[in-house]
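Trainee: Have a look at the structure that comes next, please.
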Amino acid sequence: MNISTKTPSPIQKTIQKDICYINNNKKIILYFSGKLILVNKKIIFLPFLFSFCILLKAQQPFDLLNKWGEQQPIQKIYLQLDRENYMAGETAQFKAYLSRDFFPDTANTTMYVELLDGKNSVAKSVCPVLFSSAIGSLSFPDTLTSGYYTIRSFSSGMLSQNDDYFFKKEVYIYGREKKIVQTLNDSIYIAFFPESGNLVSGLTSTVAFKATSKSGKSIDIIGNLYNSKDEEMVYLSTLHDGMGMFDFKPEAGERYYVKLKKNIRNQKYYLPEVQNKGIVVSIINELDKSSFEIKQKPSDVNFTAAYMIGQMQHHVAFKKDFTKQEELLNGIIDTKNLPSGIMQITVFNKADIPLAERLIFINNHEYILKTDVNHDTLDFSAGGRNRFFISINDTIQGQLSVSITDPNFDLRVTREHNIVSCLLLTSDLNGYIPNPAWYLSSSEDSIKNALDLLMMVNGWRRFKWTEIAKLQKIAKPNKAFISLTGKITLQDSNRPFDSKAILLMINSTTAKNKRSNLFLQTDASGEFKIDSLVLYGKNKLFFSDIRGKKSTLLDVYLDTDTLFAAMPPPVKNWWPFKNVNEITFPEIKLAYEKTQTGKGLLLNEVIVKTRKKTQLEIINEKYATGVFGGNANKTIDLVNSDEANYYMNIFDYLQTNLNGVQVANIEGEYKLYYRQASGLDNSPMTIYLDEVETDASIITSIPTNQVAMVKVYSTFIGGVGNSTGGAVAIYTKKIDDNVNSSPISNIKMYNGYTITKEFYAPDYKVSKIGLETDNRITIDWRPQIFVNNINPKIPISFYNNNRTKKFKVVVEGMTNSGKLIWLEKIIGE
């Protein structure tokens, strides 16, 4: 029998039962005591297959979930920002880490970042994902008013997920002052959460609760539980952040409510109705294990536990069968070999119907790498040079990012969100969770108890067991960065330009003046597709027929934009309202006022005498680079002239308007000769398009109103043999010079990925100019540090601004094996 082994996922490694199912690749999946084995379907013996597959019935939730997990793995994203608070008009720098099944996510190629004001998206950034991460920037409008905003981020593959599981982070932006109307609202809202889902008569239950204001702010409460006879039963109070719990035994026919102390309205907060049928599950989460207790009424087989499943990240982590039908079932769940994170535990009856559910958090601390920061040079003087070392005590292959800021501008001493709390906690819970980083800050009993309480008051919403069989297979995320699809027809007709080669010339507006040429192929319907494009900013796409004298004019129809069409609309404000006037923030207020004053600063009169450049010189500097920027025998500016627009192509224009150059047109094939009458050289001129040597047949299809400049050289040092026959360089218009041109059917405009604004880091070793106005809050930002070493020490060198006296260092990252790097430390006075 041909048996092959495969490396299982972290959860598959811990399967606690031998099982069998068939995956999408028609392989038999066998688990022997947690070991995953693939068996070729064609050669396995039927009795052998039957003996293992008999362990599970067809279409059990166990089987359905594993299949669903293969089709739709959970994808997560975390953004490290260069700092926590900003001013209107500033730019936030970020590094994104993408995760999937506890490992870096390599399935996605595009990531979105937005700034939401609660109603609208006020800033956007779209970035390509490389090596499971992305770097970018988000520019804030200078018209923003002071307040809290939400940064939302998601990948292309997360669009099928509920918005609750996108990355969301609260940021404070100081801007224009706004008048806040104070409203007095003492309304209190209390939500009750029986531990296993329902209150069942005659079975003692633990009930968790959460108290909030109308705005969503947590409120501490004290009160009592009463029955329908108004008899006091249980005293209750919050334990942490508006959350608490109490135990009691509900009785059939009773309706229970809570009344609060010092509640002038004497309001009653009713618990869920008591059910006559059901089970109650209690779980105590301990180190390396969790103990469970199931209370039930064995007389009703429909509400008797048959088995229990624990699942993490759409993968089953354990399955436990119950062969006895007793009033009390208990046992131990071994969790020491499981990855850390949230586990959903569900109890089913024999008909595979879920009876009770509970979330627990497993914290085995295997996910974190020990990291530290030290310094060998510490200088807080203005412009002082500092040298730090990031040290990691382990063998590491992965990447990290480092932010160094002035902590005097932080609203909080420690950050409320980090890479650990996001990827392990908040990314699997819906709703707003205040200060999630605190729940993983230590192993103290008070924090562990609060974390377990958090699990009880936050529900799981990624799927419902009762609907899992109906879930559709979700299309895999686009792995092709930017994809362009469309249809090409002959100009002014519906006839497809079928089964032919097309030249796509891309002219980008990036600072690097990037231009590229690609070849496409249309199908029998004239349709085309090209993927794996990485384009930044605005781009001009020119589609051209390359068949020489047989070339025809084309109409191009692009399909829906692959980058922006799928973006979901902003949701309502995710953060509880916070009164800005309550914040005392003198440092950032002063910095903002200095910035605004600087924008209107008047300088003394300065007289500068210089020669004004001609339009031709300006155009030449804008388009020509390198050896093409040198002196030419003739330069023609067509940006500021429309005289070429009346010719069929640029060669017809040159034939009439360029002395010394002869244009030969033999059956539609053009050749150019320089000073042919001299008889010294009969070689044709070398032709360049946007400084790339190009065949004349391609250039003939370019509309003349798209030509910006023509340069003619008698000899050209950049050509082979110095181009003794001469050279002509033809430049197509950039986007900003194309505004007055009439639209062309085979020229399209395309907005690519957002151009990342470079972080400003001065080098005062070279010059001290600008130090007197250097008020940077983010002093250094290193978003992309790749590491492949044993116990690495990573040097970080930077220069101080003119005022900071202590540094806040934040280091975050992820290894190729899925371990997390996190460090937050203040160095200085």
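The values are calculated or read from the model by the stated rules, or taken from the named source; none is laboratory data. These numbers were taken from a predicted model, which means no experiment stands behind them. Positions of Cβ are generated from backbone atoms using ideal geometry, with glycine treated the same way; all protein chains shown enter the neighbour counts. Side chains are part of the model used for accessible areas, which takes the heavy atoms of the whole protein and leaves out ligands, DNA and RNA. Shrake-Rupley method; radii C 1.70, N 1.55, O 1.52, S 1.80 Å.
Quick grid of which residues meet (1) of a type outside the set (S, T, N, Q); (2) farther than 28 Å from residue 394 by Cβ; (3) open to solvent by less than 40 Å² (accessible area, probe 1.4 Å); (4) touching a Pro at 6+ places or on another chain (Cβ under 7 Å):
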{"residue": "737", "(1), (2), (3), (4)": "yes, yes, yes, no"}
{"residue": "747", "(1), (2), (3), (4)": "yes, yes, yes, no"}
{"residue": "750", "(1), (2), (3), (4)": "yes, yes, yes, no"}
{"residue": "753", "(1), (2), (3), (4)": "yes, yes, yes, yes"}
{"residue": "765", "(1), (2), (3), (4)": "yes, yes, no, no"}
{"residue": "769", "(1), (2), (3), (4)": "yes, yes, no, no"}
{"residue": "777", "(1), (2), (3), (4)": "yes, yes, yes, no"}
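Trainee: Just give me the residues in region 319-346 being open to solvent by 10 Å² or more (accessible area, probe 1.4 Å), over 16 Å from residue 363 (Cβ atoms) and assigned to a strand (DSSP E or B), in sequence order.
Mentor: Hits for region 319-346 are 319, 320, 321, 328, 329, 330, 331, 332.
Trainee: Listed residues 400, 425; which is in contact with a Pro (Cβ under 7 Å, 6 or more places away or on another chain), open to solvent by less than 10 Å² (accessible area, probe 1.4 Å) and closer than 30 Å to residue 337 by Cα? So that I can check it myself, show each step before the final result.
Mentor: Working: 400 fails: in contact with a Pro (Cβ under 7 Å, 6 or more places away or on another chain).
When all the criteria are applied, what remains is 425.
Trainee: Take the residues of region 616-660 that are among the β-branched types (Val, Ile, Thr) and assigned to a loop (DSSP other than H, G, I, E, B): which is nearest to the chain's Cα centre (by Cα)?
Mentor: Start the filter on region 616-660 by keeping residues that are among the β-branched types (Val, Ile, Thr), which leaves 618-619, 625, 627, 635-636, 639, 650, 656.
Now drop any that are not assigned to a loop (DSSP other than H, G, I, E, B), which leaves 625, 639.
On the way: 625: 36, 639: 40 Å.
Among them, the one singled out is 625.
Trainee: Now a separate question. Any residue that is part of a helix (DSSP H, G or I) and either at pLDDT 85 or above or open to solvent by 10 Å² or more (accessible area, probe 1.4 Å) (or both) - is there at least one of those in region 711-719?
Mentor: First pass over region 711-719, keeping only residues part of a helix (DSSP H, G or I): none.
The answer is no, given that none of the residues of region 711-719 is part of a helix (DSSP H, G or I) and either at pLDDT 85 or above or open to solvent by 10 Å² or more (accessible area, probe 1.4 Å) (or both).
Trainee: Do the conditions hold for residue 374, that is, is it at negative phi, open to solvent by 60 Å² or more (accessible area, probe 1.4 Å), outside any loop (DSSP other than H, G, I, E, B) and not hydrophobic (A, V, I, L, M, F, W, C)? Full working, then the answer.
Mentor: Working: at negative phi: yes; open to solvent by 60 Å² or more (accessible area, probe 1.4 Å): yes; outside any loop (DSSP other than H, G, I, E, B): yes; not hydrophobic (A, V, I, L, M, F, W, C): yes.
For residue 374, the condition - at negative phi, open to solvent by 60 Å² or more (accessible area, probe 1.4 Å), outside any loop (DSSP other than H, G, I, E, B) and not hydrophobic (A, V, I, L, M, F, W, C) - is met.
Trainee: Exactly one condition in (1) acidic (Asp, Glu); (2) touching a strand residue (DSSP E or B) at 6+ places or on another chain (Cβ under 7 Å); (3) more than 14 Å from residue 356 (Cβ to Cβ) is not met by residue 293; state its number.
Mentor: The number of the failed condition is (3).
Trainee: For residues that are assigned to a strand (DSSP E or B) and small (Gly, Ala, Ser), scanning just region 252-295, find the one that is surrounded by the most Cβ atoms within 10 Å (Cβ to Cβ). Talk me through it step by step, then tell me what you get.
Mentor: Filtering region 252-295 for residues assigned to a strand (DSSP E or B) gives 257-260, 269-270, 274-275, 280-286, 289-295.
With small (Gly, Ala, Ser) added as a condition, the list becomes 282, 290-291.
On the way: 282: 18, 290: 21, 291: 13.
Taking the candidates together, the pick is 290.
Trainee: Could you tell me whether any residue of region 723-735 is surrounded by fewer than 16 Cβ atoms within 10 Å (Cβ to Cβ), modelled with pLDDT under 85 and within 39 Å of the chain's Cα centre (by Cα)?
Mentor: There is at least one residue in region 723-735 that is surrounded by fewer than 16 Cβ atoms within 10 Å (Cβ to Cβ), modelled with pLDDT under 85 and within 39 Å of the chain's Cα centre (by Cα).
Trainee: Restricting attention to region 500-514, and to residues there that are surrounded by fewer than 17 Cβ atoms within 10 Å (Cβ to Cβ) and at pLDDT 70 or above, which single residue is farthest from residue 545 (Cα to Cα)?
Mentor: Applying the filter and picking the extreme gives 514.
Trainee: Output the number of residues of region 210-250 satisfying the condition of being under 20 Å from residue 265 (Cα atoms) and not in a loop (DSSP other than H, G, I, E, B).
Mentor: Number satisfying all stated conditions: 14.
Trainee: Somewhere in region 93-105, is a residue more than 21 Å from residue 817 (Cα to Cα) and crowded, with 20+ Cβ neighbours inside 10 Å? Reasoning before the result, please.
Mentor: At the first step, the residues of region 93-105 found to be more than 21 Å from residue 817 (Cα to Cα) are 93-94.
Applying the additional criterion that residues be crowded, with 20+ Cβ neighbours inside 10 Å yields 93-94.
For region 93-105, residues more than 21 Å from residue 817 (Cα to Cα) and crowded, with 20+ Cβ neighbours inside 10 Å: present.
Trainee: So residue 557 clears everything in (1) modelled with pLDDT under 90; (2) closer than 30 Å to residue 755 by Cβ; (3) not aliphatic (A, V, I, L, M) except one condition, right? Which one?
Mentor: Of the numbered conditions (1) modelled with pLDDT under 90; (2) closer than 30 Å to residue 755 by Cβ; (3) not aliphatic (A, V, I, L, M), the odd one out for residue 557 is (1).
Let's see how each residue does on (1) open to solvent by 30 Å² or more (accessible area, probe 1.4 Å); (2) under 26 Å from residue 343 (Cβ atoms); (3) of a type outside the set (Gly, Ala, Ser); (4) modelled with pLDDT of 90 or more:
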site: 467; (1), (2), (3), (4): yes, yes, yes, no
site: 472; (1), (2), (3), (4): yes, yes, yes, no
site: 498; (1), (2), (3), (4): yes, no, yes, yes
site: 516; (1), (2), (3), (4): yes, no, no, no
site: 524; (1), (2), (3), (4): yes, no, no, yes
site: 533; (1), (2), (3), (4): no, no, yes, yes
